[in-house]
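As structure tokens, the structure follows; a few thoughts come after it.
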Amino acid sequence: MKVTTTVLETRQLVRQWKKEGKSIGLVPTMGFLHEGHASLIARARKENDIVVVSDFVNPTQFGPNEDLEAYPRDFERDSALCESLGADLIFHPEPEEMYHDPCAFVSIDTLSETLCGKTRPIHFKGVCTVVSKLFHIAAPDRAYFGQKDAQQLAIIKKMVLDLNFDVEVVGCPIVREEDGLAKSSRNTYLSAEERKAALCLSKAVKKGQELIQAGCSAEDVLAPMRAIIEAEPLSKIDYVSMVDALTMQPVEKVEKDVLVAMAVYIGKTRLIDNFSYEV
Ligand code: AMP
């Protein structure tokens, strides 16, 4: 497995692989890899000749009061995991390599204005910009993203469609801990007590799935979900919402495919979870 830190050396490898007619699968990550990331890498391994993992804590997707500095990092461990999963390359640049006082950005309207975009107004502009850059650097045939970040996945799919990126975006299911908590690099911030409290998210997801299957409308799904979370003293709801799966705009009735998504603070840690429902 190769490790690159510059755009130039990454491009040189990618050009050679393309010349040899090899297909490339890209897995963009911010590192501190867990089984959620591993599932994306394993899927990419199955479907492509070459697997490229990017490992980069992208500063442009963090707001001024967010956890950029505190975000967990362990490149040695990430590198060992990628090697064990058969990745061909990890691209691990420093922020200075990726950004030179930039003036060009990629942003997306409407889809980025709801759910996480409300609390994190610059987040998706940072995500779209870095993902566009990674698409240009790694020239993937396929790129793998988790349903865990469902709004991000919808936004990347729409960006690819609108801007004609020649890449297939593959969405992969949420990987959970045995007790239901969605795996996340941010789970490492939780104390033992908070870790228990964090179960209210996946419990609310389960309840929501039952209610939507029983034919309930949005508010009748969302209110009991909110009640489960509010019953947990360490929690504070950012949002619990039902939106159209494509436009990310709120819906009142389940008439088309929907996404039911939430962001909840457990202590100071902001966690997200969701489920999709297809009509
Ligand atoms: P991150 O490193 O948090 O930016 O995540 C990198 C990619 O891994 C994103 O596409 C995430 O959606 C995906 N991912 C993170 N956690 C999970 C999970 N628990 N299950 C599936 N995919 C995940």
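The values are calculated or read from the model by the stated rules, or taken from the named source; none is laboratory data. Worth saying up front: this structure is predicted, and the values here are computed from it rather than measured. Here the Cβ positions follow ideal geometry from the backbone for every residue, glycine too, while neighbour counts run over all protein chains shown. To get the accessible areas, we keep the full protein, side chains included, count just its heavy atoms, and leave off ligands, DNA and RNA. Shrake-Rupley method; radii C 1.70, N 1.55, O 1.52, S 1.80 Å.
Summary table below
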{"read-out": "Zone residues, segment 119-149, relative to residue 237, backbone N less than 19 Å from point 7 Å out along Cα-to-Cβ", "value": "119-120"}
{"read-out": "Viscosity 0.692 mPa s, 37 °C: Kirkwood-radius Stokes-Einstein D of segment 74-146 over Cα pairs, µm²/s", "value": "225"}
{"read-out": "For the chain, built as a Gaussian network whose Cα springs stay under 10 Å, the top-fluctuating residue of 78, 109, 101", "value": "101"}
{"read-out": "Accessible surface of segment 188-252 [probe 1.4 Å, protein heavy atoms]: carbon and sulfur percent", "value": "54"}
{"read-out": "Accessible area (Å², per residue) of segment 83-129, counting only protein heavy atoms and a probe of 1.4 Å", "value": "52"}
{"read-out": "Charge dipole (segment 17-146, unit charges on Cβ, about Cα centre) - positive-most of 79, 60, 25", "value": "25"}
{"read-out": "Given charges at beta-carbon only (K, R positive; D, E negative), |dipole| of segment 1-116 in Debye", "value": "740"}
{"read-out": "Cβ charges +1 (Lys, Arg) and -1 (Asp, Glu), total dipole of the chain, debye", "value": "240"}
{"read-out": "Lysine pairs with alpha-carbon atoms under 19 Å apart, segment 1-134, spacing 8 or more or separate chains", "value": "8"}
{"read-out": "Between 0 and 90°, nearest 10: helix 199-213 axis offset from the chain longest Cα axis", "value": "70"}
{"read-out": "Solvent-accessible ranking of 144, 277, largest area first, probe 1.4 Å", "value": "277, 144"}
{"read-out": "Segment 213-279: relative contact order as a whole-number percent, Cα under 8 Å and 6+ apart", "value": "28"}
{"read-out": "Those residues of segment 60-94 whose amide nitrogen sits under 16 Å from the label point placed on residue 22, 7 Å along Cα→Cβ", "value": "83-91"}
{"read-out": "Highest-first arrangement of 7-13, 111-117, where packing means the average Cβ count within 10 Å", "value": "111-117, 7-13"}
